[in-house]
Amino acid sequence: MDLLKTLVEKGLRRELPTREEALAVLATSDDELLDVVAAAGKVRRQWFGRRVKLNYLVNLKSGLCPEDCSYCSQRLGSTAEILKYTWLKPDEASKAAAAGVAGGAKRVCLVASGRGPTDRDVERVSGTIKAIKEQNEGVEVCACLGLLSDGQAERLRAAGADAYNHNLNTSEGTYGDITTTHTYADRVDTVNRAHAAGLSACSGLIAGMGESDEDLVDVVFSLRALDPDSVPVNFLIPFEGTPLAKEWNLTPQRCLRILAMTRFVCPDVEVRLAGGREVHLRTMQPLALHLVNSIFLGDYLTSEGQEGKADLDMIADAGFEVEGAGTTTLPEHRSGAACAPCGGADGGEGAGACAGAVPTARADVAPADAVRTDLVAVRRRGAGTDIAPNA
């Protein structure tokens, strides 16, 4: 297939595909799916070998968010029956992080609901970062606290944060359809603030919110332009009690195409399989490891993930290996460049119609009678509870 040969060659050279080529990946048929995975897998192995980086989420503050992001179970007006609690103390957060590190996690992601941190919040999180670093040697810490204001990224960096996550989520053209309390430009600004402060920027997307193929390509191309070091790809978990509760648009095949397209556009970036993989990829999760080089271990922010041991078994059975703390994730030309503009979440609690002619054999949209709402498990354990975390 000439398309895939061209995309592999471009990926090995770190050359940006055309929009038409990216759209063509999303429009391939099910008969071509394994060829697409194999082609993107060549690019993945070129830059990351067979290593899989494990990340672990700690939800520092859950629920009660004033923002109205339609995909989020913590949003303003959400009636989803999730855990709600205020800030964890540094020792509580460090204890939760240790569970993930014990399971092999190399990076701990500290997340807090809200529009953005106050200066007091930054001070609080800085104390948590220091506690985690002191008690877990060599661990990376990524903060995800919402929109940043002047000086906050620098303070997080000084406290020991290695990275900052803030997802674009969807294309600029459709952003207003999912959120009205802040703008797409606000999100871009925060990613740029993280870059400028010397933090490794982490920014990704959510698929499955009813977007078109063009929207998916738009947001991935925008991410390429921002040049984050890591790109988490979330698949919408349609929580009851949120505006997108009935958006069951994804199939395993569709998810794999989206991951492959992301890899071709961002060949040498840490592409992370994030929220929703268990719900939408299901038994085809191992195939996704040929496309991504990073996953979340255990639970997400407000939903339960696959058991940590099952994740580790899946990685080993698929012929991959967990990336050790002494290994640099990014390829040499990107590693050590976190302070230069080069280079989940559960944003997927946190696609639509495809462009062009689509073979009728494709099943990109799940039939209404195939909806598996039983697969959505609201988190009842881990940080903020007396029950041990799933790691």
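Taken together, the values in this text are just the output of simple stated rules run on the coordinates, not laboratory data. Here the structure is a predicted model, which is why all the values come from computation and not from measurement. Cβ sites come from the backbone with ideal geometry, for glycine too, and all protein chains shown count toward neighbours.
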Study note, to complete from the structure: Asserting the computed 222 nm helical MRE of the chain (DSSP H runs at least 4 long, -39500 (n - 2.57) per run, divided by residue count, to nearest 500) equals -10500 deg cm²/dmol
Exercise for review: Enumerate the amide H contacts of C69 below 5 Å, restricted to partners 5 or more residues apart or on another chain; note that Pro and chain-start residues carry no placed amide H.
Suggested key: L76
Check your understanding: Roughly how big is the chain's charge dipole about its Cα centre, with Cβ charges of +1 (Lys, Arg) and -1 (Asp, Glu), in debye to the nearest 20?
Key -> 800
Exercise for review: Treating cross-link reach as a plain straight distance, find the lysines whose alpha-carbon is under 25 Å from the alpha-carbon of K95, omitting any fewer than eight places away in the same chain.
Suggested key: K53, K61, K84, K106, K130, K133, K309
Revision key, fill the gap. Inter-part gap, Cα centre of the stretch 215-248 to Cα centre of the stretch 106-156, in whole angstrom, is 23
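Under unit Cβ charges (Lys, Arg +1; Asp, Glu -1), what dipole magnitude, rounded to 20 debye, does the stretch 176-322 have relative to its Cα centre?
Its charge dipole is roughly 120 debye.
Sorted by packing (mean other beta-carbon atoms within 10 Å per residue), highest first, where do 7-20, 132-145 land?
Answer by packing, highest mean first, reads 132-145, 7-20.
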